[in-house]
Amino acid sequence: MLLTPRELDVFIDRALDEDAVGADVTTAALIPSHLEANAALVPQEPGILAGLDVAAATFRRVNPSLIFTQKLLDGDRVEGGEIVATISGSMASILTAERTALNFLQRMSGIATLTDEYIRAVDGTSASITDTRKTVPGLRLLDKYAVSIGGGRNHRMTLADGVLIKDNHLAALAGEGVSLAQAIKRARARAPHTLKIEVEVESIEAAIAAAKAGADIVMLDNMSPDDMRTAVDQIAADCTIEASGGITLENVAAVAQSGVDIISIGALTHSPRAMDISLDYETKHA
């Protein structure tokens with residue numbers, strides 16, 4: 001997990017506050033305080049699990065006496081109908097924590113599952129699948145953790161993690177008469193020497209210019225696989241090559257076969273489909 005226990009509590013407390021779990025009027029009106037239950041987390045479809053520790057911590061945050069027992073671990077491949085964890089204790093507490101815990105688990109498992117699909121699609125190539133900063137505000141650490149559980153790699157966590165000169169940076173500098181090569185030189189002179197410099201380009205010519213100017217990584221943005229292949233042939237010896245923009249499960253194999261080193265995919269975290277996971281109850285009567 002990329003989070004310390006204290007950091008995880010902060011994430012969970014924010015989500016529980018958002019749901020006003022201390023004022024669950026439905027549960028308070030209907031469920032006797034003495035009623036206990038056994039519940040099971042059951043995915044309704046196959047996929048890769050991620051977020052079980054977060055779900056467990058959510059239930060315990062609502063009521064430390066709840067017993068959360070994991071049957072599987074993050075990263076395990078699961079089939080539909082398989083019990084992945086059980087929760088036992090106060091039924092009122094389980095009901096109150098249920099939606100928040102499921103929201104974390106379903107989203108994170110959906111991200112891990114989608115990441116795994118992309119990785120399997122490029123099997124046999126040397127390309128690595130990475131995420132981007134297109135994450136839910138406030139949930140980046142969890143989103144990127146889920147990508148890693150699915151077998152992917154993490155791109156920049158924050159703006160401080162590397163120099164990435166994008167088209168809007170270059171457009172702003174062009175108004176001052178600063179060229180792509182000059183922008184790279186300026187970044188090299190002013191940024192911390194420990195950071196790599198990456199440049200986003202949209203043409204073969206710009207890719208060659210960025211590589212010649214000393215970029216450590218050249219990002220080929222929204223280029224066709226054929227153009228990517230041509231760029232790779234020209235600059236592979238000089239820098240790491242990343243492909244990004246418009247990457248889908250349908251075209252990612254062709255992109256990987258162009259010879260790029262890295263494929264960054266915003267869809268992993270900006271539009272994953274949550275895994276369908278239910279919480280099934282078995283009430284225990286006193």
Qualifying positions in region 217-241 - surrounded by fewer than 22 Cβ atoms within 10 Å (Cβ to Cβ) and within 30 Å of residue 271 (Cα to Cα): 217, 221, 222, 224, 225, 226, 227, 229, 232, 240
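One line per residue, one yes/no per condition, for (1) within 23 Å of residue 274 (Cα to Cα); (2) modelled with pLDDT of 95 or more; (3) in contact with a helix residue (DSSP H, G or I) (Cβ under 6 Å, 6 or more places away or on another chain); (4) assigned to a loop (DSSP other than H, G, I, E, B):
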residue: 9; (1), (2), (3), (4): yes, no, no, no
residue: 27; (1), (2), (3), (4): no, no, yes, no
residue: 40; (1), (2), (3), (4): yes, yes, no, no
residue: 64; (1), (2), (3), (4): no, yes, no, yes
residue: 101; (1), (2), (3), (4): yes, yes, yes, no
residue: 104; (1), (2), (3), (4): yes, yes, yes, no
residue: 112; (1), (2), (3), (4): yes, yes, yes, no
Single match in 81, 75 (criterion: among the small types (Gly, Ala, Ser), exposed (fewer than 13 other Cβ atoms within 10 Å of the Cβ) and part of a loop (DSSP other than H, G, I, E, B)): 81
Evaluation of residue 250 against (1) at pLDDT 95 or above; (2) surrounded by fewer than 14 Cβ atoms within 10 Å (Cβ to Cβ); (3) closer than 30 Å to residue 97 by Cβ (one fails), failing number: (3)
Which numbered condition residue 57 misses (of (1) modelled with pLDDT of 95 or more; (2) among the aliphatic types (A, V, I, L, M); (3) not in a helix (DSSP H, G or I)): (3)
Lone unmet requirement of (1) touching a residue at least 24 places away in the same chain (Cβ under 8 Å); (2) farther than 16 Å from residue 143 by Cα for residue 30: (1)
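Okay, residues lined up against (1) out of contact with any Ser or Thr (no Cβ under 6 Å at 6 or more places or on another chain); (2) closer than 22 Å to residue 146 by Cβ:
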| site | (1), (2) |
| --- | --- |
| 25 | yes, no |
| 49 | no, yes |
| 67 | no, no |
| 87 | yes, yes |
Test: residue in region 37-49 that is over 22 Å from residue 12 (Cα atoms), free of Cβ contacts under 8 Å to residues at least 40 places away in the same chain, surrounded by fewer than 21 Cβ atoms within 10 Å (Cβ to Cβ) and over 21 Å from the mean Cα position of the chain (by Cα): no
Residue check for residue 214: closer than 30 Å to residue 3 by Cβ and surrounded by 15 or more Cβ atoms within 10 Å (Cβ to Cβ): no
Residues located in region 118-166, provided they are out of contact with any helix residue (DSSP H, G or I) (no Cβ under 9 Å at 6 or more places or on another chain) and either part of a helix (DSSP H, G or I) or among the basic types (Lys, Arg) (or both): 119, 120, 156, 159, 160, 161, 166
Options 227, 233, 238: the member that is free of Cβ contacts under 8 Å to residues at least 40 places away in the same chain, part of a loop (DSSP other than H, G, I, E, B) and in the same structural domain as residue 129 (by TED's automatic domain parsing): 238
Top-ranked residue of region 129-140 - restricted to ones that are of a type outside the set (D, E, K, R) and surrounded by 17 or more Cβ atoms within 10 Å (Cβ to Cβ), ranked as nearest to residue 15 (Cα to Cα): 139
Residue among 166, 144, 196 that is crowded, with 22+ Cβ neighbours inside 10 Å, of a type in the set (Lys, Arg), in the same structural domain as residue 219 (by TED's automatic domain parsing) and under 27 Å from residue 269 (Cβ atoms): 144
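The values are calculated or read from the model by the stated rules, or taken from the named source; none is laboratory data. Worth saying up front: this structure is predicted, and the values here are computed from it rather than measured. Every residue, glycine among them, receives a Cβ derived from its backbone with ideal geometry; neighbour counts consider all protein chains shown.
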